[in-house]
Amino acid sequence: MVVEPGLASRLALESGQPVQLCYQCGKCSSGCPMAGAMDYKPNEVMVLLQCGQLDAVLDSQAIWLCVGCETCGSRCPNGISIGRVMDVLREMGHGRALVDKARKIRLFHQEFLGSVRAHGRVHEPLMLARYKIKTGELFNDLNIGVRLFRKGKFHLLPARVRDRKKIRDIFRSAMARRPFTMDVAASADAPPPGVFADNSTTLKG
Ligand code: SF4
Ligand code: SF4
């Protein structure tokens with residue numbers, strides 16, 4: 001087990017949240033709508049960070065299940081928005097090996113981002129098809145997909161986004177900040193040839 005000294009300070013710097021001030025009152029977790037599904041509750045993520053347990057946090061399901069609702073931030077007596085800390089942790093964990101317990105959630109994030117990067121917004125049918133193939137669960141939820149298609153919620157062709165350059169700029173800026181995290185070239189709907197070629201990286205295992 002590797003202990004990362006100064007981890008809480010690093011996260012505080014990157015997220016803008018005073019992670020070191022957490023004193024484990026548990027108010028965040030008692031209000032968090034996702035705490036029941038998380039392997040580590042939000043306050044437990046905080047204590048793991050304070051103890052330098054980066055691997056445990058990055059391989060957890062918790063960081064991928066946080067929905068960024070900000071309930072924790074509004075309840076915390078120390079003003080810590082764990083949702084923002086989770087954002088940074090997801091960026092850090094994005095390029096790591098897909099460990100079993102968080103694999104599907106992380107895969108979904110990768111496919112989602114890949115689709116946004118390729119089309120400017122999510123193209124659900126293609127994104128879900130790729131996700132299903134990669135998880136080997138091709139026929140799960142098929143009936144829901146058919147119903148959505150019949151109701152016109154799924155479009156066969158991707159929507160055209162007017163200013164895709166802005167989207168590309170967002171990805172470029174994120175990749176420049178943390179090059180290994182935003183690799184969606186190896187995933188999902190790969191961008192058109194030439195686009196992002198300067199920044200493409202490979203998923204690290
Ligand atoms: S932002 Fe995340 S951790 Fe905080 S309450 Fe919402 S789901 Fe839970
Ligand atoms: S509410 Fe704030 S101080 Fe209390 S456990 Fe959660 S993060 Fe820590």
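Would you work out if region 7-93 is rounded, prolate or oblate? Take a ≥ b ≥ c from the square roots of the eigenvalues of the alpha-carbon gyration tensor; rounded if a/c is under 1.5, else prolate when a/b is larger than b/c, oblate otherwise. Rounded, since a/c falls under 1.5. As a rough guide to protection, the peptides 133-146, 18-31 ranked by mean Cβ packing within 10 Å, highest first, stand as 18-31, 133-146.
Cross-link reach is defined here as a Cα-Cα straight distance under 25 Å, omitting same-chain residues fewer than 8 places apart; for Lys151 the lysines meeting it are Lys132. The lysines whose alpha-carbon is closer than 22 Å to the alpha-carbon of Lys134, local same-chain residues fewer than 8 away aside, are Lys101, Lys104, Lys204. For Lys27, a cut-off of 23 angstrom between C-alpha atoms picks up these lysines, skipping any fewer than 8 places away in its own chain: Lys41. A Förster radius of 45 Å, combined with the Cβ-Cβ distance separating Ser74 from Ile170, puts the computed FRET efficiency at roughly 0.95.
Values in this text are rule-based calculations from the coordinates and carry no lab data. Source: prediction; values computed, not measured. Ideal geometry is used to build each Cβ from the backbone, glycine not excepted, and the neighbour counts take in all protein chains shown.
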